[in-house]
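Undergrad: I'd like to ask you about the structure that follows.
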């Protein structure tokens, strides 16, 4: 598992980094097919809002989510939660496609 951080207009505190790493560890535990996470954090000082963007490599493709809000820890938690749901849907879709393909092969024989 590999976690990469990119920040803009903010110095990432140890607490913020730890929060993201904890959430990423949980995501990796639930979705071992995930191999890499890019966490991009942008702080818009003019209106006090954070953008947290996650890009995760899993199942030979990239998934992307973005959440925004005025409280970093809540925004980060929401982004990781959304990514967990997205990966769950991706995994379910892949299993269904595999099952459907297996049924087609059996039917062809």
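Undergrad: Kindly establish whether residue 75 is part of a strand (DSSP E or B), at pLDDT 90 or above and within 14 Å of the chain's Cα centre (by Cα). Step through it out loud before you land on a result.
TA: Values: part of a strand (DSSP E or B): no; at pLDDT 90 or above: yes; within 14 Å of the chain's Cα centre (by Cα): yes.
The answer is no for residue 75.
Undergrad: Still on this structure, I have one more. Out of everything in segment 47-72 that is at pLDDT below 95 and farther than 19 Å from residue 1 by Cα, what residue ends up being nearest to the chain's Cα centre (by Cα)?
TA: Of everything passing the filter in segment 47-72, 48 is nearest to the chain's Cα centre (by Cα).
Undergrad: Moving to a separate point now. So which residues in segment 37-72 are part of a strand (DSSP E or B), exposed (fewer than 14 other Cβ atoms within 10 Å of the Cβ) and touching a strand residue (DSSP E or B) at 6+ places or on another chain (Cβ under 8 Å)? Break it down stepwise before answering.
TA: Our first condition is that a residue be part of a strand (DSSP E or B); within segment 37-72, this holds for 37-44, 49-58, 61-69.
Those still in the list that are exposed (fewer than 14 other Cβ atoms within 10 Å of the Cβ) too: 61-62, 64.
Answer for segment 37-72, where residues must be part of a strand (DSSP E or B), exposed (fewer than 14 other Cβ atoms within 10 Å of the Cβ) and touching a strand residue (DSSP E or B) at 6+ places or on another chain (Cβ under 8 Å): 62, 64.
The values are calculated or read from the model by the stated rules, or taken from the named source; none is laboratory data. Only a predicted model underlies this, so the values are computations on that prediction, with no experimental measurement involved. Counting neighbours? That spans all protein chains shown, and the Cβs are built from the backbone with ideal geometry, glycine included.
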